[in-house]
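Accompanying notes for the structure given below.
Read the figures in this text as sums done on the coordinates, not as results from a lab. Values in this document were obtained by computation on a predicted structure and should not be read as measured data. Using ideal geometry, Cβ is built from the backbone for each residue, glycine included, and neighbour counts are taken over all protein chains shown.
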Amino acid sequence: MPNKIIAANWKLNKTPNEAKGFLDEFLKALETRFEKNVFIFPTTLALHEVSRCLKGRDILFGPQNFSEVREGAFTGETSLLHAKVLGAKTALVGHSERRILFGETDELAAKKIRLASELGIEPILCVGETLKEREGKKTLEVIARQLAVGLKDWPKDKNVIIAYEPVWAIGTGVVASVQQIDEAHKALRNELIKIMPKLGHEVPILYGGSVKPDNANELISCPEVNGFLVGGASLKVNDFLGIIKTVLQKGS
Ligand code: PGA
């Protein structure tokens, strides 16, 4: 597992053709030694094209969401097993847009994490508080709960990735301060060590929420920030490359 990860969450953007256009340009410009640090989360319908473009490369990709069941009579769902057949090695779980817009619970996240473990997929579990929860001084309690429930069936001796994404900082241009990030990441680290005594120290904790090329340098200086989950700024090749270079040229 690389010690710094920069993940692109394309959300509901980029047709398969646009994904190919992005990757053609991106792969030409990205230094090969940085590939293993980069993850791409395209739309479900673009997974196949992304899989073709990344064949033989070290960049990991996966779905942004999937059903907690493998296969069966579940009309309209996305199968993690099928994504795996396409070459997915990772997947997002519990992104705040899933939680808030689609009513996903901690329990559902736990079921998805369990399926990922059964299929040998290394997920990124997303946690983060809403503005109301922060103002009610509930941040640490909320993220600790999301983490503990989400990971309850994840094997304690297997690595996993966490993304801390304060909901009020996602897509808003408002970035959490270094102090706020530091506090949340330290709390998550302590919880991880309790949950997974052996591996808790090494589980990467990414920050997400309005990360841009011009704030990446400051944010990556937080000792507990092991990389980023990037939404808006991952849609443009130059912005995403700028963030990657800032993180990786710091000597990881
Ligand atoms: P943003 O999204 O970078 O556009 O704020 C981050 C995310 O939702 O993962």
Check: region 145-244 dipole with +1 on Lys, Arg Cβ and -1 on Asp, Glu Cβ, in debye: 340 debye
Pairwise label distance in nanometres, LYS236 with LEU27, each label 7 Å out on the Cα-Cβ vector: 2.4 nm
Point-charge dipole on Cβ atoms (K/R +1, D/E -1) for the chain, about Cα centre, debye to 20: 380 debye
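ASN159 to LEU131: FRET efficiency via 1/(1 + (r/R0)^6), r the Cβ-Cβ distance, R0 35 Å, to the nearest 0.05?
Once rounded, the FRET efficiency stands at 0.65.
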Cβ-based charge dipole, the chain, positive-most Cα from LEU115, ILE181, THR130: LEU115
Helix-only [θ]222 nm of the chain, DSSP H runs n ≥ 4, -39500 (n - 2.57) each, per residue, nearest 500: -11500 deg cm²/dmol
Approximate spin-label separation LYS186-THR105, in nm, with each point projected 7 Å along Cα-to-Cβ: 3.4 nm
Overall form of the chain per C-alpha gyration tensor (a/c, 1.5; a/b vs b/c): rounded
Cα-based reach from LYS138 at 17 Å (exclusive), listing lysines while leaving out same-chain residues under 8 positions away: LYS186
Highest to lowest packing among 15-21, 58-64, scored as the average C-beta count within 10 Å: 58-64, 15-21
Reachable lysines, given that their alpha-carbon falls under 22 Å from the alpha-carbon of LYS89 and they are not under 8 places away in the same chain: LYS4, LYS11, LYS14, LYS20, LYS36, LYS55, LYS111, LYS112, LYS152, LYS156, LYS158
